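Peer 1: Before I ask anything, here is the structure I am working with.
The values are calculated or read from the model by the stated rules, or taken from the named source; none is laboratory data. Here the structure is a predicted model, which is why all the values come from computation and not from measurement. When we count neighbours, we look across all protein chains shown, and the Cβ atoms used for this are built from the backbone with ideal geometry, even at glycine. Side chains are part of the model used for accessible areas, which takes the heavy atoms of the whole protein and leaves out ligands, DNA and RNA. Shrake-Rupley method; radii C 1.70, N 1.55, O 1.52, S 1.80 Å.
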Amino acid sequence: MYWTVWITALVVLVSILLVLLIKLRRSEHQTAVISRMNQDDFSDFLRLNSLEGSVQVVAEKASDLLRNACACEKVVFFRKERHYLELNHKYKTDSSGGLPRIPITPELTVELTNRGHPASVRDLESLLPGDVYSQLRQWRCTHYFPIIWREELYGLYFIHSRLRTDTASFRIIISTLAQSLSVAFHVKDQEEKLERLEERTAELEEASRKMDRGLPATPVGVLKLVRHRNSETLVSKIIDEVRKDLELEQFAFMYESKEVTAPVCVVKHGVAGSIVSPPRPDFEQLIAQLSGGNSEHVADLSAATTQVTELSSKLQEAGLKYMTSFPVSAHRSGLLAWSDARAPEAVLSRLRMHGLSCTELMENAESFERVQEESYTDNLTGLANRRYFNKRLDEEIGRARRYRRSLGLIILDLDELKYINDRFGHQAGDAIIRRLGEVLRRSIRSIDVTARFGGDEFCVIMPESDSSTCMQFMGRLQSKISRTSFEIGQTETDLVCTISQGGAVFPEHGTDAEQLIFAADMALLRAKEGGRNRYLLF
């Protein structure tokens, strides 16, 4: 009997030891994978937005990272196409066929936006088509994470990993990868839009080359502006080409600025005196009055408000007789007033031929501006991102070298952000980073460029600045941050935060972007090692 008890106890002990050994080996395996990722892959996460190739290539490289860094045995990626998520890439699945599309419903959007990374596939059971959910479960996909940037959904990953998925380390890995992939897919999406715009530009240029210059109905002059990218300066150039084609010696053009709060803009030619810019309500009333594409005598405009009457008087004093609607683009209206010996209908018929080309050119330029702005803007702070920072630093160094001038570079980061994240959560950390971005935006000169370098690091490019100017700026910013109250979301807690700063000056501390960044970064490192809440020049 004693032997039975001893054998039973021994079996229990061995079982416990085996369980502990298995857990230890899993833990060692997970630690090894994380360690390998930290050494080899983590920096790649932050560089994914510069990957070359199509979105399909990015998806495949992301799949490689998931396999290598997260030990994923199954990877399935759905990419957003209009109002659906469509299967784009899969790894180690036992089916050669595809899967039905996943409708992007409001409920699914809310779930994907609000969930953390990663989340259980079971949470999507009621939101996915039944056959899609069943197939994912058959493939043993246990977790998902969405690719979202600026509340724009780009895709959805489903995975199965050999690692323990209930650990903080696994969640951090996936969250980091998801954030980096969000940037990557956002940039790729913008690049594809740019390619389509370039193709449209090439088509317009080809149309311009094929046009018979001898025909009076050909708006070739306008199409020459197809490569112009600044929508505001493009307006006056378009109108000038229209004026030349219509042979108008006197005209005034009023149009909406792309800034909603800005006053109505005025371009004029061959007229003396000032043309009153009408208030927006009166401008919109005139647009509605002339929306049919016809013209009216300027004198007949006096029947509206006092401001319109004043505008009518000014136009008549300038010698202008007729007015018609001529939109800048599909979203921005315009009014053209002119004087000519020809009948108004002769001018209008010629003007209509320019309408579509002018609108396309403006929308082309505005699209480029929007794409460029989104590609160069940090989502959290609204400041420039690292991509734009690198571009501008190269430009400013080139300008400083050409004119033999100095240039300052400041790199700064928050002290003890990890403590804040651990105690109050990452949303609190994001709120503080956002608030720091606001303070930075209000602290720089108009010629300076400030950008979020990554994480809690920020950079300030300071043209025309020497060592003394950089030290003065860092001192003022250090004082301003220490006096700023940082609110912690729903906790109703205000924190006083500090920053550490490092500065370097071109050409004293570096003659190219890489050397200058290194010098400023080393100065920041010394400031951190010296006790934080300090600023040093290299």
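Peer 1: Using the structure shown, decide if residue 350 is out of contact with any strand residue (DSSP E or B) (no Cβ under 8 Å at 6 or more places or on another chain) and touching a residue at least 40 places away in the same chain (Cβ under 8 Å).
Peer 2: So residue 350 fits the description; yes.
Peer 1: Being on the phi > 0 side of the Ramachandran plot and open to solvent by less than 10 Å² (accessible area, probe 1.4 Å) is the filter here; which residues of the range 450-488 pass it? Explain how you work it out, then say what you get.
Peer 2: Step one: list which residues in the range 450-488 are on the phi > 0 side of the Ramachandran plot, which gives 454-455, 464.
Listed by number, the list is empty, since nothing qualifies.
Peer 1: Would you mind listing the strands (runs of 3 or more DSSP E) fully within the range 240-316 where at least 3 residues are open to solvent by 50 Å² or more (accessible area, probe 1.4 Å)?
Peer 2: On the way: elements: 250-255, 265-269, 295-297.
Because the criterion is at least 3 residues that are open to solvent by 50 Å² or more (accessible area, probe 1.4 Å), the strands (runs of 3 or more DSSP E) in the range 240-316 that meet it are 265-269.
Peer 1: Right, here's the next one. Just a yes or no: is a residue in the range 334-344 polar (S, T, N, Q), over 17 Å from residue 282 (Cβ atoms), at pLDDT 85 or above and surrounded by 16 or more Cβ atoms within 10 Å (Cβ to Cβ)?
Peer 2: Checking the range 334-344: at least one residue is polar (S, T, N, Q), over 17 Å from residue 282 (Cβ atoms), at pLDDT 85 or above and surrounded by 16 or more Cβ atoms within 10 Å (Cβ to Cβ).
Peer 1: Next question. Of all residues in the range 109-146 being aromatic (Phe, Trp, Tyr) and more than 32 Å from the chain's Cα centre (by Cα), which is nearest to residue 426 (Cα to Cα)?
Peer 2: Start the filter on the range 109-146 by keeping residues that are aromatic (Phe, Trp, Tyr), which leaves 133, 139, 144-145.
Filter once more, so that each one left must be more than 32 Å from the chain's Cα centre (by Cα): 133, 139.
Values: 133: 31, 139: 33 Å.
Step by step, filter the range 109-146, then rank; the result is 133.
Peer 1: Additional query: Could you tell me which of the residues 445, 401 is more than 17 Å from residue 501 (Cβ to Cβ) and open to solvent by 70 Å² or more (accessible area, probe 1.4 Å)?
Peer 2: Criteria check complete, one pass: 401.
Peer 1: Going residue by residue through the range 150-169, is there one that turns out to be assigned to a strand (DSSP E or B), more than 14 Å from residue 77 (Cβ to Cβ) and either open to solvent by less than 10 Å² (accessible area, probe 1.4 Å) or modelled with pLDDT under 90 (or both)?
Peer 2: So the first thing to find is which residues in the range 150-169 are assigned to a strand (DSSP E or B), and the list is 152-161.
Keeping just the survivors that are more than 14 Å from residue 77 (Cβ to Cβ) gives 152, 161.
Then drop every residue that is not either open to solvent by less than 10 Å² (accessible area, probe 1.4 Å) or modelled with pLDDT under 90 (or both), which leaves 152, 161.
Yes, some residue in the range 150-169 is assigned to a strand (DSSP E or B), more than 14 Å from residue 77 (Cβ to Cβ) and either open to solvent by less than 10 Å² (accessible area, probe 1.4 Å) or modelled with pLDDT under 90 (or both).
Peer 1: Hey, does the range 111-120 have a residue that's surrounded by fewer than 20 Cβ atoms within 10 Å (Cβ to Cβ) and within 18 Å of residue 92 (Cβ to Cβ)?
Peer 2: no
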